[in-house]
Amino acid sequence: MSKFTRRDFLRTGIAGSVLLSTGLRGSASAPSVAITAGPRRARNVILLVSDGMSLGTLTMTERYLRRFENRGTHWLGMYKKYPNVRRALMDTCSANALVTDSAAAASAWGCGHKVKNGALNQTPDGRLHKPILRLAAEAGIGTALVTTARLTHATPAGFGASIESRVDEGDIAIQYLDARYDVLLGGGVRFFDSEKRNDERDLLIEYSNNGYSVLRNREELLASNGGRLLGVFDDDHLPYAIDRKADAALKESIPSLSEMARAAIARMAGHPGGFLMQIEGSGVDYAAHANDIGALIHEMIDFDDAVGAALEFAAGRDDTLVIVTTDHGNSNPGLNGTGGSFDSRGGSYGDTQKCFDRLGDFCRSNRWVRSKISKKSSPAQIRNRVKTATGIELLDDEIELLMRALKKDPAPREGYRVRNRATITLGQLMANYTSIGWTGIAHTSDHVELSAIGPGSEPVCGLMQNTELFGVMAGALGLSRSGKQAAAA
């Protein structure tokens, strides 16, 4: 009999965990959730996604708002304000990995199937599935995608497109037009502009010719009324909220996520068929990848203000399901105790609040710091740039570490090599002053927070698969996979 080694155990254990979590048995393309069209219970469904949000991000945002704005988050406030709110933990793994990417995660609730990382609503057997936003559009329900990412990026695309690879964003922009979604607000104009598209198609004109008002800045968004909307407010992803707030020109030209959310909700509120909308705060994910605590907190506040807009719309109504979640965790940031260890007299961690409160001086992102320094920068230039952004004056040895990172010095600077890029090194240095640590710079396999309130929220409980969220939304709207809609009760 052959020996079963520890390596064999780890290999089969991981594979078994993926299969168990995905609900797949035998066929990797089997659906992990089934739906049956029934009486419609919700006229409107709003899904809000804080992309890449670990639980520590939500916790620290709550702390930040309590300490600096004398209020809490709208998200956690739901648990006190609404006794009928539903809450669950959600498993996020994809069809081929314990750690999902955003495309596979968004596809799970987009079509109710587990897909491989990188795919959009394409199961491992090669079949493409209509995403829920397309099903809703075909059933006469209003449709909207709102994001601080490129409109064609993984999370909005997982809700509204079907394609083999998430990188084919030019084709995703065409799919949105073919589906005639009602409201599209975000970034990524380069996938619509003829001068930047590989095929030179002018989708901005094509959208306009198909009845869309094409919006390019905040003023045009706030002044818009009537008809379908295509709002593309940046060539790429929208700037970080922390940088937008500190730059008068950006603040004037780029709308916040809550402004886009309010505009989309106002536009869709009168739709005769009700509406299905996804709202994504994508910058939470990017800031976590960069270990950028200032950007992270302000991106989360920007997202939470959109949660407030959705809850405000749903308040006093009995026809709107609001779901708040994330697609996966990222880097697991958290506030660590500092200033001494616990002793028998009860004294411990006396400097923790002082460290956390330094976040109140952060006014720029690490990306902004990095954009103005290089391997040729002097120590004084680096010190001044960091102090302007954070209020923190780095020590000489910390500046030396950052300069080595800027020069891409191959010598090890930290035990965990992936943290040796300049922006990541800066993020790690900030932990000396904020006491906020990170486990890495990438997505995690953690279960994530899922909250829901309103008609159709009843299935949200316990530990759920991300694929089950498709069934929750489809069931609430009375949708079937054929795109047909059950009659309202």
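The values are calculated or read from the model by the stated rules, or taken from the named source; none is laboratory data. Values in this document were obtained by computation on a predicted structure and should not be read as measured data. Please note: Cβ atoms are built from the backbone with ideal geometry, for glycine as well, and neighbour counts cover all protein chains shown. Just so you know, the surface numbers come from the protein's heavy atoms only, side chains and all, with ligands and any DNA or RNA stripped out. Shrake-Rupley method; radii C 1.70, N 1.55, O 1.52, S 1.80 Å.
The stretch between ALA442 and ASN198 holds 84.8 nm of extra length on full extension. This uses 0.36 nm per residue minus the Cα-Cα distance.
Please state the relative contact order of segment 122-221 as a whole percent: Cα pairs under 8 Å, 6+ residues apart? Working shown, then result.
Details: 117 pairs, mean separation 24.2, N = 100.
It rounds to 24 percent for segment 122-221.
A simple spin-label model places pseudo-atoms 7 Å from Cα toward Cβ; at GLU393 and ALA380 they are separated by 1.4 nm.
Among the listed values (1) 49, 26, 19; (2) 36, 28, 24; (3) 40, 24, 21, the one computed from these coordinates for semi-axes √(5λ) of the Cα gyration tensor in Å is (2). Accessible surface for ARG367 stands near 120 Å², nearest 10, in the context of the full protein assembly shown (1.4 Å probe).
Taking square-rooted eigenvalues a ≥ b ≥ c of the alpha carbon gyration tensor, is segment 231-304 rounded, prolate or oblate, where a/c under 1.5 means rounded and, failing that, a/b exceeding b/c means prolate? All intermediate terms of the calculation are to be shown ahead of the outcome.
Working: a/c = 2.51, a/b = 1.72, b/c = 1.47.
It comes out prolate by the Cα gyration axes.
Using only the heavy atoms of the protein chains and a 1.4 Å probe, how would LEU401, LEU215 rank by accessible area, largest first?
Details: LEU401 55, LEU215 10 Å².
These residues rank, largest area first, as LEU401, LEU215.
Counting heavy atoms of the protein chains alone, ILE297 has an accessible area of about 0 Å² for a 1.4 Å probe.
Only protein atoms count toward the accessible area here, which uses a 1.4 Å probe; on segment 79-125, the carbon and sulfur part of that area reaches 50 percent. Distance from the C-alpha centroid of segment 238-280 to that of segment 162-191: 18 Å, rounded to the whole angstrom. Taking amide H as placed 1.01 Å from N in the peptide plane, ASN96 has its amide H under 5 Å from the amide H of ASN117, each at least 5 places away in sequence or on another chain.
Distance between the pseudo-spin-label points of ALA97 and ASP361 (7 Å out from Cα toward the beta carbon): 3.8 nm. The residues of segment 61-117 present an accessible area of 43 Å² per residue when probed at 1.4 Å with all protein chains retained. In this simple spin-label approximation, LYS407 and LYS251 carry label points 7 Å from Cα along the Cα→Cβ vector, and these lie 3.9 nm apart. Per-residue SASA remark: GLU468, around 70 Å² accessible (1.4 Å probe; ligands, DNA and RNA not included).
Estimated at 0.36 nm per residue, the fully extended path between ASN209 and LEU89 surpasses their Cα-Cα distance by 38.8 nm. Each Lys and Arg Cβ is given +1 and each Asp and Glu Cβ -1; about its Cα centre, segment 119-234 then shows a dipole of about 300 debye.
Each DSSP beta bridge with both residues in the chain is either parallel or antiparallel, and the antiparallel ones are about 30%.
Under 1.5 on a/c is rounded, so check that first for segment 124-169, then, if it is not, pick prolate when a/b is larger than b/c and oblate when it is not; a ≥ b ≥ c are the square roots of the alpha carbon gyration tensor eigenvalues. Note, shape of segment 124-169 comes out oblate.
At an R0 of 25 angstrom, the distance between the Cβ atoms of GLU220 and LYS372 translates into a FRET efficiency of 0.25.
Computed from phi, the 3J(HN,Hα) profile of segment 56-70 under the Karplus parametrisation 6.51, -1.76, 1.60 (θ = phi - 60°) reads x, 5, 5, 4, 5, 5, 4, 4, 4, 5, 5, 7, 10, 10, 6 Hz, with x in place of Gly and Pro. Accessible surface for segment 319-399, divided over its residues, is 50 Å² per residue with a 1.4 Å probe.
Note on LYS407: aspartates and glutamates with a C-alpha under 17 Å away, same-chain residues under 8 apart excluded, are ASP396, ASP397, GLU398.
Under 5 Å between amide hydrogens, built in the peptide plane, is the criterion, and for LEU215 it picks out LEU230, GLY231, VAL232 among residues at least 5 positions away or on other chains. Spatially, segment 347-402 and segment 459-473 are offset by 42 Å when compared through their Cα centroids.
The HN-Hα couplings worked out from phi for segment 185-200 by the Karplus form 6.51 cos²θ - 1.76 cosθ + 1.60 (θ = phi - 60°) are 9, x, x, x, 4, 5, 8, 10, 8, 4, 6, 10, 7, 5, 8, 6 Hz, whole numbers, x standing for Gly and Pro. Remark: segment 464-481, residue by residue, has Karplus-estimated 3J(HN,Hα) of 10, 7, 4, 5, 5, 5, 4, x, 4, 5, 5, x, 5, 8, x, 8, 10, 5 Hz, where x stands for each Gly or Pro and the curve is 6.51 cos²θ - 1.76 cosθ + 1.60 at θ = phi - 60°.
Net length available on complete extension from ASP125 to ARG317 is 64.9 nm, with 0.36 nm assigned per residue and the Cα-Cα distance removed.
The residue among GLY211, THR388, ALA314 whose Cα reaches farthest toward the positive pole of the charge dipole of the chain, with charges on the beta-carbon of Lys, Arg, Asp and Glu, is THR388.
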